[in-house]
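This report refers to the structure that appears directly beneath it.
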Amino acid sequence: MTERFLRQWLTPVVVFFAIRAVGILVLADLARLNGKSLGDRLAAWDGKWMLAIAEHGYDNVPVDLTDAWGVHSVDTAYAFFPGYPYLVSVVARLPLVTTYGAAIAVNVVLCVFAAAGVARLGALCAQRMATATPLPWDRLRAAMPGSLSRFVPDPGPRPEPASHPDPYTVGLITVALFAATPMSIVLNMAYTEALFCAVAVWALIGVLEERWLLAGVCALLAGATRPTGVVVIATVVVVGLTTLRRRPGRSESARILTAITLSPIGYLGFLGVVWARTGHPLGWFTIQTDGWDTRFDFGVAAVRFVNDSLTHSGEVAPVATAAIMLSTPLLIAVAVWSRLPWPVLLYAMLVVASIMASSGLMMSRARLLLPAFVLLIPFAVIMARWRPPVIVATLLPVVAGSAWFGAHMLTVYPHAM
């Protein structure tokens, strides 16, 4: 029991917080050098909204909090989903606990569950990728004209089972990569990412392990946490319906149907609250569009931002953000090539599509793409075959770069979140 606890919980959590400690220390130093405080930076931008909703409720948010256009209306606060601020408000009711302290403490606990879940998901994916059916590249090459077949990669011989990496090692490396994503600093801020990543990863574990009640409850919580929760809901529903086509037993079918029923309750419930508040069924979308210019535009705004950043910007933040956005198609291609389990791949592709195909503040894309961390699992599989010193030597510059980038975005660049 002790060994299992160490492997599944303690070790991944220690790896995660060790890397995040580097990010926080770098943020504290850059904040000091720029005349700011660490505490203020951890509650910047939307963090102020989270704390205000947690402390005052939706109807009593201070009027100095405004949307992207500097406007504050009676409905502006309803742009933010209630899962995280309500959780913070519950903890803040404890004796001697401030709202800010509750927000930071809640995220510490949530990161424990997120880290353990990421390690477990990485191990599960590694096991399934090792036994997955190879992609039919040989048949595709044979069916194509000789002049075109050269563009289809030759997969080569299938690796022997002995060459497959240790799933536990893959899980730990996945945790390290997750903790060192470009904007992983947001996991320590008064933001929704820690809660969303925690419930999203356990929803995926529930789907892969066919623990349907876990998947359904986590999808419900994801839908109540942020609009991207619809991606988790869709993943659980699609996988559940696909599993039902196999005609499982009565008890399993009942669990799947329960998960499918539970999944959208949080998301649709909040949209219903905003409907009742505004009198319009699309009230939440109107608040988002009017206040933050967030709408589905099939990626037009993203393409313009990437083009402008790479051709005209002289600042590192927009260029780096554009590079992160451009990397997502490559990461998806690698995930397909590596045979990442299809429910996890579906989730990742939906996350990327929902972020890249919508307008709004483009500089926030590095943060918003954080829940697509599952696309890093194939790289963890590759790294797990290396010797430990090589793994550490590879991770060190990644951790350092992540720490600096997050601190730079929070202390130097004016509109990064």
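The values are calculated or read from the model by the stated rules, or taken from the named source; none is laboratory data. Only a predicted model underlies this, so the values are computations on that prediction, with no experimental measurement involved. Heads up, the Cβs are rebuilt from the backbone with ideal geometry, glycines too, and the neighbour counts pull from every protein chain shown.
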* **Test: Ala323 is assigned to a helix (DSSP H, G or I), closer than 30 Å to His408 by Cα, free of Cβ contacts under 8 Å to residues at least 24 places away in the same chain and not hydroxyl-bearing (Ser, Thr, Tyr)** => yes
* Asked: If we keep just the residues of region 234-283 that are in a helix (DSSP H, G or I) and among the polar types (S, T, N, Q), which is farthest from Gly216 (Cα to Cα)?
  -> Thr278
* Given the structure, is Val22 surrounded by fewer than 19 Cβ atoms within 10 Å (Cβ to Cβ), under 26 Å from the mean Cα position of the chain (by Cα), hydrophobic (A, V, I, L, M, F, W, C) and more than 17 Å from Ala105 (Cα to Cα)? -> yes
* Structure fact -> Restricting region 253-286 to residues that are crowded, with 20+ Cβ neighbours inside 10 Å and among the small types (Gly, Ala, Ser), the one farthest from Ala77 (Cα to Cα) turns out to be Ala259
* Given Thr11, Thr2, which one is farther than 17 Å from Thr99 by Cα and either in contact with a helix residue (DSSP H, G or I) (Cβ under 6 Å, 6 or more places away or on another chain) or buried (at least 18 other Cβ atoms within 10 Å of the Cβ) (or both)? -> Thr11
* Asked: Among the residues of region 81-105, which ones are free of Cβ contacts under 8 Å to residues at least 60 places away in the same chain and of a type in the set (A, V, I, L, M, F, W, C)?
  -> Val90, Val91, Ala92, Leu94, Leu96, Val97, Ala102, Ala105
* Quick one: which of Trp292, Trp342, Trp337 is more than 30 Å from Val207 (Cβ to Cβ) and not acidic (Asp, Glu)? -> Trp292
* Structure fact -> Within region 232-253, residues farther than 13 Å from Val344 by Cα and among the hydroxyl-bearing types (Ser, Thr, Tyr) come out as Thr242, Thr243, Ser251, Ser253
* Please note which helices (runs of 4 or more DSSP H) are completely contained in region 27-123 and include at least 2 residues that are among the hydrophobic types (A, V, I, L, M, F, W, C) and more than 21 Å from the chain's Cα centre (by Cα). => 46-56, 83-92
* Scan region 378-399 for residues that are buried (at least 18 other Cβ atoms within 10 Å of the Cβ) and closer than 30 Å to His415 by Cα and report the count. => 2
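Condition check ((1) in contact with a His (Cβ under 6 Å, 6 or more places away or on another chain); (2) farther than 27 Å from Ala126 by Cβ; (3) buried (at least 18 other Cβ atoms within 10 Å of the Cβ)) across all residues:
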position: Ala317; (1), (2), (3): no, yes, yes
position: Thr321; (1), (2), (3): no, yes, yes
position: Ser327; (1), (2), (3): no, no, no
position: Ile332; (1), (2), (3): no, no, yes
position: Trp337; (1), (2), (3): no, no, no
position: Pro341; (1), (2), (3): no, no, yes
position: Ala348; (1), (2), (3): no, no, yes
position: Val352; (1), (2), (3): no, no, yes
position: Ile355; (1), (2), (3): no, no, yes
* Structure fact -> Here the qualifying pairs (Cβ atoms under 7 Å; residues six or more apart or on different chains; first in region 202-227 and polar (S, T, N, Q) and buried (at least 20 other Cβ atoms within 10 Å of the Cβ); second at pLDDT 95 or above and part of a helix (DSSP H, G or I)) come out as Thr225/Gly83; Thr225/Tyr84; Thr225/Leu195; Thr225/Phe196; Thr225/Val199
* Structure fact -> Per the filter on region 9-42, residues among the polar types (S, T, N, Q) and either under 17 Å from Ala179 (Cβ atoms) or in contact with a strand residue (DSSP E or B) (Cβ under 8 Å, 6 or more places away or on another chain) (or both) are Thr11
